[in-house]
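The values are calculated or read from the model by the stated rules, or taken from the named source; none is laboratory data. Being a predicted model, the structure only gives us computed values, none of them experimental. Neighbour counts are summed over all protein chains in view; Cβ atoms, including those assigned to glycine, are modelled from backbone coordinates with ideal geometry.
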Ligand code: MN
């Protein structure tokens with residue numbers, strides 16, 4: 001994103017606030033006259049029976065136990081069948097839900113199934129299957145769906161090849177990676193060809209939560225903390241910060257990352273992160289060209305998946321600018337109702353609402369704008 005665009009949008013936002021009375025009056029008039037923005041939800045998941053089967057086998061193995069998956073089963077056993085049933089539908093039933101809740105489009109990806117955890121060969125061939133099946137679902141309803149490719153980063157060369165195939169041959173709009181790769185983080189340079197490829201293809205990578213890595217898992221295993229309550233955002237935020245602090249974005253300045261769940265807590269800590277980075281600069285490597293927050297603003301966008309609380313979303317807009325905030329639900333793990341309409345009453349100008357619900361997604365994922 002260019003500075004001028006960023007400044008332009010920020011200025012529009014601020015004038016929205018400064019001229020609140022006049023602007024909001026005209027907003028309300030527009031809303032009343034039926035001006036409507038498209039709603040695109042961008043962290044919407046599906047599941048393939050084949051992946052589910054392979055994953056269940058993994059989850060019940062010793063490696064699955066060490067990775068903590070039985071704890072997800074323990075705490076979420078009532079919801080797992082619901083998620084599975086909804087997730088498997090990549091067509092009519094899903095579209096009916098979208099119609100009933102005013103969702104125009106989903107950017108679909110497979111966030112469950114943790115391909116990153118499996119044997120490299122199994123995961124690589126499952127990723128191909130997932131992407132082929134997703135491409136079919138998108139082709140059947142191109143106005144309603146777009147897709148993000150699944151990858152098996154534990155086979156970096158295979159992941160590069162699959163990312164290229166998925167974008168160039170299958171029309172995928174980016175890729176999704178479920179955080180740590182069997183306890184390894186992608187600041188490790190053996191993974192960097194994947195980022196180089198994403199930057200060269202000009203597609204974003206969505207860094208999606210999974211359970212905390214084995215090194216930090218233990219304290220999250222009690223009290224149901226392991227998933228969305230604490231473990232997911234602890235895992236994903238540390239991964240994102242490792243990517244920032246390792247110099248990845250000095251190497252790949254155009255690389256675009258996406259974080260769900262309102263940035264996994266990072267927006268709240270940005271100024272503290274900057275201060276600590278400044279205080280420790282003499283004693284760590286590598287030296288970064290910029291402050292952490294600057295990479296976060298330029299190389300990341302966040303989505304509202306699983307956190308459609310207007311107070312939090314408004315805070316994120318204040319911290320990051322409206323151009324960096326994208327609407328998402330996190331279906332099927334969250335329900336479309338009430339999340340599809342939870343942000344409708346935010347006190348923001350129509351242009352800002354339009355950006356959050358569709359304009360930003362069209363830009364980041366290169367979706368065709370609907371005329
Ligand atoms: Mn998700």
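Rundown of residues vs (1) free of Cβ contacts under 8 Å to residues at least 60 places away in the same chain; (2) surrounded by 19 or more Cβ atoms within 10 Å (Cβ to Cβ); (3) away from the ligand (no atom under 15 Å from the Cβ), yes/no style:
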| site | (1), (2), (3) |
| --- | --- |
| 188 | yes, no, yes |
| 200 | yes, no, yes |
| 208 | no, yes, no |
| 211 | no, yes, no |
| 216 | yes, no, yes |
| 236 | yes, yes, no |
| 243 | yes, yes, yes |
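Taking every residue in the range 277-299 that is over 30 Å from residue 363 (Cα atoms) and pairing it with any residue that is assigned to a helix (DSSP H, G or I) and modelled with pLDDT of 95 or more, at least 6 positions away or on another chain, the pairs with Cβ-Cβ distances below 8 Å are 277/245; 277/292; 284/245; 286/250; 287/281.
Would you please name the residue that is farthest from the ligand (Cβ to nearest atom), looking only at residues in the range 263-276 that are under 19 Å from residue 180 (Cβ atoms) and touching a residue at least 40 places away in the same chain (Cβ under 8 Å)? The qualifying residue farthest from the ligand (Cβ to nearest atom) is 263.
Condition check ((1) within 16 Å of the ligand (Cβ to nearest atom); (2) within 24 Å of residue 365 (Cα to Cα); (3) in contact with a strand residue (DSSP E or B) (Cβ under 8 Å, 6 or more places away or on another chain)) across all residues:
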residue: 76; (1), (2), (3): yes, no, no
residue: 79; (1), (2), (3): yes, no, no
residue: 85; (1), (2), (3): no, no, no
residue: 94; (1), (2), (3): yes, yes, yes
residue: 103; (1), (2), (3): yes, yes, yes
residue: 111; (1), (2), (3): yes, yes, yes
residue: 116; (1), (2), (3): yes, yes, yes
residue: 123; (1), (2), (3): no, no, no
residue: 134; (1), (2), (3): yes, yes, yes
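Which residue is farthest from residue 225 (Cα to Cα), if the candidates are limited to the range 199-214 and must be within 16 Å of the chain's Cα centre (by Cα) and assigned to a loop (DSSP other than H, G, I, E, B)?
Our first condition is that a residue be within 16 Å of the chain's Cα centre (by Cα); within the range 199-214, this holds for 203-211.
So of that shortlist, the ones also assigned to a loop (DSSP other than H, G, I, E, B) come out as 203-204, 209-211.
Values: 203: 33, 204: 29, 209: 14, 210: 13, 211: 10 Å.
Among those that are within 16 Å of the chain's Cα centre (by Cα) and assigned to a loop (DSSP other than H, G, I, E, B), it is 203.
Each residue in the range 81-111 was checked for being assigned to a helix (DSSP H, G or I) and surrounded by 13 or more Cβ atoms within 10 Å (Cβ to Cβ), and 11 pass.
Yes/no matrix, rows are residues, columns are (1) buried (at least 21 other Cβ atoms within 10 Å of the Cβ); (2) within 16 Å of the ligand (Cβ to nearest atom):
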position	(1), (2)
281	no, no
284	no, no
291	no, no
297	no, no
302	yes, yes
314	no, no
320	yes, no
341	no, no
345	no, no
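Under the condition of being over 27 Å from residue 258 (Cβ atoms) and either in contact with a helix residue (DSSP H, G or I) (Cβ under 8 Å, 6 or more places away or on another chain) or not in a helix (DSSP H, G or I) (or both), which residue from the range 32-48 is farthest from the ligand (Cβ to nearest atom)? Lay out the reasoning, then the answer.
The initial filter retains those residues of the range 32-48 that are over 27 Å from residue 258 (Cβ atoms), namely 32-35.
From what's left, either in contact with a helix residue (DSSP H, G or I) (Cβ under 8 Å, 6 or more places away or on another chain) or not in a helix (DSSP H, G or I) (or both): 33-35.
Numbers: 33: 35, 34: 32, 35: 30 Å.
Filtering the range 32-48 for residues that are over 27 Å from residue 258 (Cβ atoms) and either in contact with a helix residue (DSSP H, G or I) (Cβ under 8 Å, 6 or more places away or on another chain) or not in a helix (DSSP H, G or I) (or both), the one farthest from the ligand (Cβ to nearest atom) comes out as 33.
Set side by side, the residues 313, 301 differ, and just one is in contact with a strand residue (DSSP E or B) (Cβ under 9 Å, 6 or more places away or on another chain), under 30 Å from residue 112 (Cβ atoms) and either modelled with pLDDT under 95 or not in a helix (DSSP H, G or I) (or both), which is 301. The sole residue among 227, 260 that is within 16 Å of the ligand (Cβ to nearest atom), within 24 Å of residue 314 (Cβ to Cβ) and in contact (Cβ under 8 Å) with a residue 60 or more places away in the chain is 260. Within the range 323-341, being in a loop (DSSP other than H, G, I, E, B) and touching a strand residue (DSSP E or B) at 6+ places or on another chain (Cβ under 9 Å) holds for 327, 328, 329, 330, 331, 332, 333, 340.
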